[in-house]
1. Which of the peptides 278-285, 51-58 is most tightly packed, and how do the rest follow, judged by the mean count of other Cβ atoms within 10 Å per residue?
2. Quick one: among 82, 276, 12, which has the greatest mean-square fluctuation in a GNM of the chain with alpha-carbon springs under 10 angstrom?
3. Taking the Kirkwood radius as the inverse of the mean 1/r across Cα pairs, report the Rg/Rh of the chain.
4. Setting aside same-chain residues fewer than 8 positions from residue 71, which aspartates and glutamates have a Cα under 18 Å from its Cα?
5. To the nearest 20 debye, what is the magnitude of the charge dipole of the stretch 260-349 about its Cα centre, counting +1 on the Cβ of each Lys and Arg and -1 on the Cβ of each Asp and Glu?
6. Which of the peptides 41-47, 233-239 is most tightly packed, and how do the rest follow, judged by the mean count of other Cβ atoms within 10 Å per residue?
7. In whole percent, how big is the carbon plus sulfur part of the accessible area of the stretch 260-349, probe 1.4 Å, protein atoms only?
8. Would you mind getting the accessible area per residue of the stretch 260-349, heavy atoms of the protein chains only, 1.4 Å probe, in Å²?
Amino acid sequence: MAERRRTKEVRIGDVVIGGKHPIAIQSMTNTKTQDVEATVAQILQLERAGCQIIRSTVPDMEAAKALAEIKKQIHIPLVADIHFDYRLAIAAMENGADKIRINPGNIGSAERVKAVVDCARERNIPIRVGVNSGSLEKELVEKYHGVTAEGIVESALDKVKMIEDFGYDNLVISIKSSDVMMCVKAHELISKKTDYPLHVGITESGTIISGNIKSSIGLGLILNQGIGDTIRVSLTGDPVEEIKSAKLILKTLGLRKGGIEIVSCPTCGRTSIDLIGLANKVENMVAEFPLDIKVAVMGCVVNGPGEAKEADLGICGGRQEGLLIRRGEVIKKVPEAELLEALRQELINWSE
Ligand code: SF4
């Protein structure tokens with residue numbers, strides 16, 4: 001992996017991104033922001049899953065005002081996502097948003113963008129300048145003969161320059177495209193042209209399967225080049241899944257420590273227990289343990305124990321029973337129905 005690119009530090013509430021800081025994981029609520037109770041409940045669930053920064057949409061004044069109440073009840077920085085109406089950006093900041101995400105291209109005149117920037121400067125609130133391939137300006141589409149990585153980068157840097165000209169540089173940049181390779185190229189280009197921190201994600205990447213695959217490839221290629229300061233895996237699904245995926249992507253790349261890694265076999269004709277069901281239950285169960293170990297879930301006693309040797313703990317299926325293995329040694333035989341609980345108990349012992 002390339003050395004991480006050193007970017008400017010930007011503080012979002014009590015989380016700092018850029019510089020030498022770890023890559024922060026973020027997500028976005030999909031509740032109605034005006035519904036404070038539902039939004040807070042989802043944010044608290046995301047916090048427990050490991051979300052470090054949360055963004056909520058602010059489509060109207062009621063949502064902007066709700067931010068103040070939401071902020072009182074959560075523990076991670078809250079970012080307001082604004083489109084079109086500069087007054088909503090100002091209201092969001094007045095109601096405690098820790099950062100705002102705008103696309104200056106859809107906020108309107110330069111005066112309106114300036115009003116937003118002036119408000120952010122007074123409160124030292126960072127602005128994420130977000131550009132999506134889908135809303136690239138007509139002139140740039142014509143200049144580059146279509147929607148291209150070069151066009152996306154130029155568009156983002158034009159917006160950044162506009163805000164810099166208003167005397168503000170507390171900025172984060174995001175450039176997004178649902179075309180994975182275009183997104184990768186755009187990040188390679190922009191990282192050579194600016195040292196603002198980059199929020200990285202593959203937008204509109206799809207449902208759980210396609211979103212995870214596209215995000216893993218896109219984020220993997222970008223992060224592996226040392227590019228990126230905060231990530232969001234964007235999935236059409238429960239945002240908690242976005243956090244799980246983001247954590248696994250960072251851990252797989254060696255950019256994050258902690259969290260139990262599961263290895264499990266693909267099952268075959270030798271499997272005599274419900275290994276698929278068990279592996280999924282194990283994956284959910286281990287999420288609550290803050291251990292940095294590997295747990296193997298193997299289907300049979302022919303290959304399982306050998307393969308489980310590589311792991312710290314393992315379970316290995318037999319006929320209506322299974323073996324519990326610790327660092328390659330079988331420590332007990334357990335009925336199938338009790339395997340999950342036996343592993344949980346072993347994890348508790350390990351934690352202690
Ligand atoms: Fe098949 Fe056993 Fe290998 Fe799993 S561990 S794939 S059940 S041989």
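1. Details: 278-285: 16.6, 51-58: 23.4.
For the peptides 278-285, 51-58, the packing ranking is 51-58, 278-285.
2. 276
3. On the way: Rg = 23.0 Å, Rh = 21.9 Å.
Ratio of gyration radius to Kirkwood radius: 1.05.
4. Correct list for residue 71: 14, 35, 37, 47, 60, 62, 81, 94, 98.
5. Working: 10 positive and 14 negative charges, 58 e Å.
Its charge dipole is roughly 280 debye.
6. Values: 41-47: 18.6, 233-239: 20.4.
By packing density, highest mean first, the sequence is 233-239, 41-47.
7. Values: 2240 of 4860 Å².
For the stretch 260-349, the apolar C and S fraction of the accessible surface comes to 46 percent.
8. Values: 4860 Å² over 90 residues.
With the other protein chains kept in place, the stretch 260-349 gives 54 Å² per residue.
The values are calculated or read from the model by the stated rules, or taken from the named source; none is laboratory data. This structure is a prediction, so every number in the text was calculated from the model and none was measured. Neighbour counts run over all protein chains shown; Cβ positions are idealised from the backbone, glycine included. SASA here: full protein model, heavy atoms, side chains in, ligands and nucleic acids out. Shrake-Rupley method; radii C 1.70, N 1.55, O 1.52, S 1.80 Å.
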